[in-house]
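As structure tokens, the structure follows; a few thoughts come after it.
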Amino acid sequence: MKIPKFADLILFENDDLFVINKPPFLSTLDERGESSGEINILRLAKNYWEDAQICHRLDKETSGALIIAKTPEAYRDISIQFEKRKIKKVYHAVIDGTHTFDNLFINLPIMNTGRGSVTISRQEGKRAETWFQSLEYFKHYTLVECRPVTGRMHQIRIHLATQRASIAGDDMYKGKPVFLSQLKRKYNIGKDQEELPIMKRFALHAYELTFKLLDGTETTIHAPYPKDFETLLKLLEKFDS
């Protein structure tokens, strides 16, 4: 993949921190099993600002708003805001099926089973809460807003899966990829060609973050959709509405 110019990812910057629009397919930090030379957001951030520290994580495939601290004070301050659940996070996802979520509240504890996967466990899981609101309906899909209260691993993904509303393309939680041939009638693919999904990842984007700057000013940063997410929505509007 083409490594983006870090400065082009920045949505907001002051003396204490910056917020970037993380591209998909880049790990936030060093991940187990990746070679030590693998490019990730932390490495790119440190090249841009030597003391950069990542304040929270997004899954490798997830795009969107990510806060990076420039100073230890900023890192501590943002970490405390996350810990006390003072930071408002808004994600957008395209899910399988038509679902009318009107401020649906999911409160199902999540247990980390290791090896990068999680499960719902009322006995051993940790508290996990998410709000869901349907934004746009298609014939076979729905665009939903997801507002996680807690920040468990894969929280939005597994909570949606419990509603039989897996995120499109999220094979770990039974989400199916979207192919143009499913949407467009008379779509012909060459005889020896293999059709690729419209999005080569699951359709989840960290759309917005609201938090306090070090001087106490509340700020909301909005991350525009990346190209693949935007393309999926345009094709759904055209062929599946």
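The values are calculated or read from the model by the stated rules, or taken from the named source; none is laboratory data. Not measured: the values here are computed from a predicted model. Glycine gets a Cβ as well: all are built from the backbone with ideal geometry, and neighbour counts include every protein chain shown.
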Filtered residues of the range 174-221 (kept if farther than 30 Å from K89 by Cα and among the β-branched types (V, I, T)):
I189
Please specify each residue of the range 57-80 satisfying the condition of being crowded, with 20+ Cβ neighbours inside 10 Å, more than 30 Å from L235 (Cα to Cα) and of a type outside the set (V, I, T).
A69, K70, A74, Y75
Considering only residues that are outside any loop (DSSP other than H, G, I, E, B) and either out of contact with any helix residue (DSSP H, G or I) (no Cβ under 7 Å at 6 or more places or on another chain) or free of Cβ contacts under 8 Å to residues at least 24 places away in the same chain (or both), which ones fall in the range 67-80?
P72, E73, A74, Y75, R76, D77, I78, S79, I80
Check on L58, under 23 Å from D171 (Cα atoms), within 19 Å of the chain's Cα centre (by Cα), modelled with pLDDT of 95 or more and not charged (D, E, K, R):
yes
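Report whether or not L44 is surrounded by 12 or more Cβ atoms within 10 Å (Cβ to Cβ), in contact with a helix residue (DSSP H, G or I) (Cβ under 7 Å, 6 or more places away or on another chain) and not in a loop (DSSP other than H, G, I, E, B).
Working: surrounded by 12 or more Cβ atoms within 10 Å (Cβ to Cβ): yes; in contact with a helix residue (DSSP H, G or I) (Cβ under 7 Å, 6 or more places away or on another chain): yes; not in a loop (DSSP other than H, G, I, E, B): yes.
Criteria met by L44.
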Determine whether the range 98-107 contains at least one residue that is part of a strand (DSSP E or B) and surrounded by 14 or more Cβ atoms within 10 Å (Cβ to Cβ).
yes
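Per-residue answers, yes or no, for (1) touching a residue at least 40 places away in the same chain (Cβ under 8 Å); (2) buried (at least 20 other Cβ atoms within 10 Å of the Cβ); (3) not charged (D, E, K, R):
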| site | (1), (2), (3) |
| --- | --- |
| I39 | no, no, yes |
| C55 | no, yes, yes |
| F82 | yes, no, yes |
| V118 | yes, yes, yes |
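Test of understanding: among D228, D240, which residue is over 17 Å from the mean Cα position of the chain (by Cα) and at pLDDT 95 or above?
Details: D228 fails: over 17 Å from the mean Cα position of the chain (by Cα).
Answer to the check: D240.
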Taking the range 118-149 and keeping residues among the small types (G, A, S) and in contact with a Ser or Thr (Cβ under 6 Å, 6 or more places away or on another chain) leaves A128, S134
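What are the residues in the range 82-97 that are part of a loop (DSSP other than H, G, I, E, B) and closer than 16 Å to T210 by Cβ, if any? Walk me through how you get there before you give the answer.
Going residue by residue through the range 82-97, those that are part of a loop (DSSP other than H, G, I, E, B) are 84-87, 97.
Within the range 82-97, K84, R85, K86, I87 qualify.
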Conditions (1) at pLDDT 95 or above; (2) farther than 30 Å from N14 by Cβ: number failed by K184
(1)
Answer yes or no as to whether L26 is of a type outside the set (D, E), buried (at least 20 other Cβ atoms within 10 Å of the Cβ) and farther than 25 Å from R127 by Cβ.
yes
Among the residues of the range 208-224, the number that are over 18 Å from L9 (Cα atoms) and among the acidic types (D, E) is 2
